[in-house]
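To start, the structure under review is shown below, and the notes come after it.
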Amino acid sequence: MSLKPEEMTCRLSIGYMQSGRGPLGEHLPEQLVTTGKAWAKRELV
């Protein structure tokens, strides 16, 4: 089975949530850190 470029219809974003502390020690809101992107083929299951 081979995939053709025109069959890739869904763009995925791969990442993780990161939180931290500010200069006064306050909790900062979580932010999404994107580590990569990929194309995928979407099919009904």
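Of note:
- Restricting attention to the range 18-39 and to residues that are touching a Leu at 6+ places or on another chain (Cβ under 9 Å) and not small (Gly, Ala, Ser), the residue that is nearest to Glu6 (Cα to Cα) turns out to be Trp39.
- Among the residues of the range 1-37, the one identified as in contact with a Ser or Thr (Cβ under 8 Å, 6 or more places away or on another chain) and among the acidic types (Asp, Glu) is Glu30.
- Residue selected from the range 1-27 under the condition under 19 Å from Glu43 (Cα atoms), out of contact with any Phe, Trp or Tyr (no Cβ under 8 Å at 6 or more places or on another chain) and of a type in the set (A, V, I, L, M), by the criterion surrounded by the fewest Cβ atoms within 10 Å (Cβ to Cβ): Met1
- Cβ-Cβ distances below 6 Å connect no pair with a first residue in the range 29-45 that is closer than 10 Å to Ser13 by Cα, a second residue that is exposed (fewer than 10 other Cβ atoms within 10 Å of the Cβ) and of a type in the set (S, T, N, Q), and a separation of six or more residues or different chains.
No lab work stands behind these numbers, since they all come straight from the coordinates. Because the structure is a prediction, the values reported are computed rather than measured. So basically every Cβ, Gly included, is an ideal-geometry build from the backbone, and we count neighbours across all protein chains shown.
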